[in-house]
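> Below is the structure I would like to discuss, written out as structure tokens.
The values are calculated or read from the model by the stated rules, or taken from the named source; none is laboratory data. Please read these numbers as outputs of a predicted model, since none were measured by experiment. A quick note on method: Cβ atoms are made from the backbone with ideal geometry, for glycine too, and the neighbour counts reach across all protein chains shown.
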């Protein structure tokens, strides 16, 4: 299965940009980027209709989705597409930067392999809610207590592009769940009700990413596995708290602030399994920083 996915990624990964030349005047070239990021100083090959490299263009100015470049070698014409030209460092070795917000590895034969994988860290803040049906020692139903509170999280994550616009995100780390409210809990049913839990989490998320520019909004869904590492509760029996799961619905964006770094941001709704006595969920905001893998 892994070999099949890898083969699909290789086959579907484009080797040239969607950007193209829209106007040529002397040595100046007007380029339509079409969502492909570029910065001043980047160099591109101009690719003719026959698929051959016809010229070298160096970007001098970028504004919005358009760029102005200068021909440093060869000739270009309207309609030519662009391919990033791998540049050499002073030592003569190939660099790993690219005009697109993704890592690039250069081959000895001059071909380009796009590596669409990232790793990073996430911090989070959540609004936690829980409803618990409380019973007395005599098994008498005392009513339902509605609790709420705030939790924090710290996670590492890994992003990988499976297909065009379809990304996998895996995260792992610590998730705190904290909710309190009401005063009918405890041994004598006269104590404050609360649930203070800390989980080790493993989340598996599928994302649909809109576009390939510097700012990439996305929506996604996934499943998280929760392993309790700390349990403190008066609203329910701590011994009843065990490994569980959470269904995730998410939305957010990845903001590339440079070639080799982006800021991930997301809003997440988590729904924990519901029983006759307990229901719980959270709404979390997460953000962090990521780099090419």
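> Only one of (1) assigned to a loop (DSSP other than H, G, I, E, B); (2) modelled with pLDDT under 50 is not met by residue 104, so which one is it?
(1)
> In the stretch 269-293, what count of residues is obtained for those that are in contact (Cβ under 8 Å) with a residue 24 or more places away in the chain and in a strand (DSSP E or B)?
So the count comes out to 17.
> Continuing with the same structure: Taking residue 77, is it surrounded by 12 or more Cβ atoms within 10 Å (Cβ to Cβ) and either at pLDDT below 85 or assigned to a loop (DSSP other than H, G, I, E, B) (or both)?
Working: surrounded by 12 or more Cβ atoms within 10 Å (Cβ to Cβ): yes; either at pLDDT below 85 or assigned to a loop (DSSP other than H, G, I, E, B) (or both): yes.
Against the criterion (surrounded by 12 or more Cβ atoms within 10 Å (Cβ to Cβ) and either at pLDDT below 85 or assigned to a loop (DSSP other than H, G, I, E, B) (or both)), residue 77 qualifies.
> Something else: Select, from 202, 256, the only residue that is modelled with pLDDT of 95 or more and on the phi < 0 side of the Ramachandran plot.
Working: 256 fails: modelled with pLDDT of 95 or more.
After applying the criteria, what remains is 202.
> Hey, can you tell me all the residues within the stretch 28-57 that are assigned to a strand (DSSP E or B), under 15 Å from residue 85 (Cα atoms) and over 34 Å from the mean Cα position of the chain (by Cα)?
If the condition is that a residue be assigned to a strand (DSSP E or B), under 15 Å from residue 85 (Cα atoms) and over 34 Å from the mean Cα position of the chain (by Cα), then 53, 54, 55 are the ones that fit.
Residue-by-condition table, conditions (1) under 19 Å from residue 176 (Cα atoms); (2) without any contact (Cβ under 8 Å) to a residue 24 or more places away in the chain; (3) surrounded by 20 or more Cβ atoms within 10 Å (Cβ to Cβ):
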| site | (1), (2), (3) |
| --- | --- |
| 199 | yes, no, yes |
| 207 | no, no, yes |
| 210 | no, no, no |
| 213 | no, no, no |
| 223 | yes, no, no |
| 234 | yes, no, yes |
| 244 | yes, no, no |
| 247 | yes, no, no |
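> Can you pull out every residue in the stretch 255-264 that is surrounded by 13 or more Cβ atoms within 10 Å (Cβ to Cβ) and without any contact (Cβ under 8 Å) to a residue 60 or more places away in the chain? Reasoning before the result, please.
As a first pass, look at the stretch 255-264 and keep what is surrounded by 13 or more Cβ atoms within 10 Å (Cβ to Cβ): 255-256, 259-264.
Selection gives 255, 261, 263.
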